[in-house]
Every structure is written in C-alpha cells, then in structure tokens.
Amino acid sequence: MINIAKVSDWLTQNANEQLYPRLFLMSPNGTLLAYSKPVDIKELRDQAALISIAWKEHCQGRKAPPVPDHRKEQGRTEEISADSQSLKPVLRTLTIESKDCNIIVRLLQPQLLLVLVGRIPPTKRQGFRIHAEAYGEPRYPSPDSSELRPSSSSANQASHVAADSASTMSQREKDIRQGVLHVQRKRLDALASYILKDFEATNFIMPADSDLQ
C-alpha cells in the first residue's frame with residue numbers, strides 16, 4: 001500500500017511554485033491518494049472531480065489498461081480478444097488547458113493517475129481544450145516545438161542564425177523557449193518514470209477503490 005505521508009512529502013519536494021505548484025495521485029474515480037502541500041483542499045477536490053469525468057469520457061471506445069504483472073516473463077504477450085482489436089489504444093496522457101492553468105494527467109496503473117497542475121504565464125491567453133494521447137501516439141506538446149524556428153517569410157535567411165543560437169543554448173534555455181507546457185510535460189514524464197521504476201522494483205500494484213475500505 002502507498003505510504004500517503006511519504007508520497008505527499010515527495011510530491012511536495014518535487015513541486016515548483018512558479019511552474020507546477022501542485023502534484024497529486026488519484027484514482028480514475030476521483031479518490032485523492034496523496035498530494036503536495038500547501039493545498040486548497042476544496043480546489044483540489046474540484047480538480048480531481050473534473051479530471052475523473054474527463055478521463056472516463058476519453059477512455060470510452062478504448063482498450064482498458066492491463067493490470068501490471070511484474071512477475072511475467074520478459075517477452076510474454078497478452079492474449080488479445082477480437083472485440084478489443086476494434087478499440088482504440090489505451091489512454092496514456094490527458095492534457096487539459098484552461099484559461100487559468102494546465103493540467104496534465106498520466107496513467108501509471110489502471111487504478112492510479114499522476115497529475116501535474118501547472119501555471120501559465122499571466123500574458124498568455126488560451127481557451128479550454130483537452131488533448132488525449134494514447135500509447136504509441138506522438139507526445140503532446142511536440143518536443144520539436146516550432147518556437148525555436150523562425151516563422152516569418154525570411155526563414156531561410158534567419159535559419160543559420162537560429163541554428164547557431166540554438167546550438168549554444170543550455171537544455172534549460174531550450175526547454176523554456178519551447179514553452180511552459182513543454183517544461184511541465186517534461187517534468188511529469190520524469191516523475192512518472194521514477195514512480196514506475198519504483199513500482200516495478202517493489203512489485204507494487206494499486207488496488208481498486210473498493211478494496212481500500
């Protein structure tokens with residue numbers, strides 16, 4: 001079982017007040033499991049409810065995520081039913097962009113979601129939209145952001161200057177120029193990778209909500 005206090009402390013340590021002040025773990029049904037602090041619990045519950053609704057909606061017509069079995073032999077494949085072949089791939093990541101924040105949701109296990117809530121620049125104006133990303137689909141936003149490329153009609157003339165400039169940038173500078181959503185997504189990817197490696201090492205499988213009683 002997850003040690004709620006330790007996981008909450010770890011999430012708090014990995015949050016960033018300016019870029020992604022809130023990190024939390026929840027079930028697809030909206031049950032909050034662990035979260036970074038400080039926190040406005042009412043706002044957090046509202047976000048968890050929104051995420052649960054959006055996640056379930058975008059899982060419709062898709063394959064269900066397989067229950068992890070860390071003891072399976074490498075190379076062993078799961079049986080695929082005829083019905084499941086007609087379904088879209090398993091939902092992996094959901095990105096919710098609103099006028100107030102970015103919310104990125106990552107599937108860790110069938111009963112466990114990792115969520116990052118990120119700030120947006122005060123000068124940025126964006127409408128509400130949701131991007132669903134399945135396993136095997138391109139990452140959103142694309143790591144090859146066009147923000148590093150000239151967009152004017154003088155692109156050919158400016159391309160050499162842009163290339164020279166990009167080659168001297170640090171990775172942090174490149175990430176910043178690709179946009180805040182890219183930085184937030186990159187952080188979520190790193191955190192999810194760390195958690196999944198820990199789960200594999202400890203053979204941890206998150207039980208369903210009904211088993212938490």
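The values are calculated or read from the model by the stated rules, or taken from the named source; none is laboratory data. Computed from a predicted structure; not experimentally measured. Note: ideal-geometry Cβ built from the backbone for every residue, glycine included; neighbour counts use all protein chains shown.
Below are the figures for this structure:
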{"quantity": "Residue 113, sole failed condition from (1) surrounded by 19 or more Cβ atoms within 10 Å (Cβ to Cβ); (2) in a loop (DSSP other than H, G, I, E, B); (3) of a type outside the set (Val, Ile, Thr)", "calculated": "(2)"}
{"quantity": "Subset of segment 99-126 [of a type outside the set (D, E, K, R) and at pLDDT below 95]", "calculated": "121, 122, 123, 126"}
{"quantity": "Residue list for segment 190-205, restricted to those being of a type in the set (Asp, Glu) and in contact (Cβ under 8 Å) with a residue 60 or more places away in the chain", "calculated": "200"}
{"quantity": "Test: residue in segment 33-50 that is assigned by TED's automatic domain parsing to the domain that holds residue 96, assigned to a loop (DSSP other than H, G, I, E, B), charged (D, E, K, R) and closer than 22 Å to residue 181 by Cβ", "calculated": "no"}
{"quantity": "Some residue of segment 16-32 being farther than 16 Å from residue 103 by Cα and in contact (Cβ under 8 Å) with a residue 60 or more places away in the chain", "calculated": "yes"}
